[in-house]
Amino acid sequence: LAYDYAAADSFIAPLLTRSGARPDSVAAWARIETALSAGQQWRIRDADSLFALAASEGTAARDGSAEGGALTRLALIRGRTQGVEAGLRLLDSATRVLPTNDIANRALALAYRAQLVLARGTPGAGPLADSALILARRANAARVEGIAYNVLGREQYRVRRPDSAE
């Protein structure tokens, strides 16, 4: 809450995989946290690299939630930096590896897919955001629920329904 990135980094550093060691789930999730921190500081290139590394660490650790969670977050970045289709392809990969019981990350993947569809300007963002909202509620993932509501509102603006958007 204090945005003390240096302190957060010092807590996370011992959890990261050391050179030459095989990554475990803890290391992959710690890497995701470092990537989120970089993104919050608008260090987008660093966040991109860290999410990609976290995804490979999740793969090595055989942790589909970590791998898929990292790919989901990376998809939003790549969707903005390399184009919507690149982001959607990464979301396809994330969805394939996410365990079916990882409802929170599945909801996030749907919400980000809705964002990318909305950015593309084609129909379909609303039903995706609705599905994300339902899953986010089941997972008690309030932040993802907020993302889904935001997309729903922006979709209503896109189809010229400002009253519904509000």
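Take F11 and decide whether it is in contact with a helix residue (DSSP H, G or I) (Cβ under 7 Å, 6 or more places away or on another chain) and either not β-branched (V, I, T) or not in a helix (DSSP H, G or I) (or both).
Details: in contact with a helix residue (DSSP H, G or I) (Cβ under 7 Å, 6 or more places away or on another chain): no; either not β-branched (V, I, T) or not in a helix (DSSP H, G or I) (or both): yes.
Answer is no for this residue.
Which of the residues spanning the stretch 135-164 are without any contact (Cβ under 8 Å) to a residue 12 or more places away in the chain, open to solvent by 50 Å² or more (accessible area, probe 1.4 Å) and part of a helix (DSSP H, G or I)?
R137, A142, R143, N150, Y157, P162, D163, S164, listed by residue number.
To keep it simple, each residue is scored yes or no on (1) of a type in the set (A, V, I, L, M, F, W, C); (2) open to solvent by 80 Å² or more (accessible area, probe 1.4 Å); (3) in a loop (DSSP other than H, G, I, E, B); (4) modelled with pLDDT of 95 or more.
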| residue | (1), (2), (3), (4) |
| --- | --- |
| S93 | no, no, no, yes |
| Q115 | no, no, no, yes |
| P123 | no, yes, yes, no |
| G126 | no, no, no, no |
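Do any residues in the stretch 82-93 that are among the polar types (S, T, N, Q) have Cβ atoms under 9 Å from those of residues that are open to solvent by less than 30 Å² (accessible area, probe 1.4 Å) and modelled with pLDDT of 95 or more, where the two are at least six apart or on different chains, and which pairs are they?
As it stands, the answer is S93/A55; S93/G68; S93/L71; S93/A75, since those pairs meet every condition given.
Conditions: (1) open to solvent by 70 Å² or more (accessible area, probe 1.4 Å); (2) among the aromatic types (F, W, Y); (3) in contact with a helix residue (DSSP H, G or I) (Cβ under 6 Å, 6 or more places away or on another chain). Y3 meets all but one. Number of the miss?
(3)
The values are calculated or read from the model by the stated rules, or taken from the named source; none is laboratory data. Because the structure is a prediction, the values reported are computed rather than measured. Note that each Cβ is placed from the backbone with ideal geometry, even for glycine, and that neighbours are counted across all protein chains shown. The protein model used for the area step is the full one, side chains on, heavy atoms only, and it has no ligands, DNA or RNA in it. Shrake-Rupley method; radii C 1.70, N 1.55, O 1.52, S 1.80 Å.
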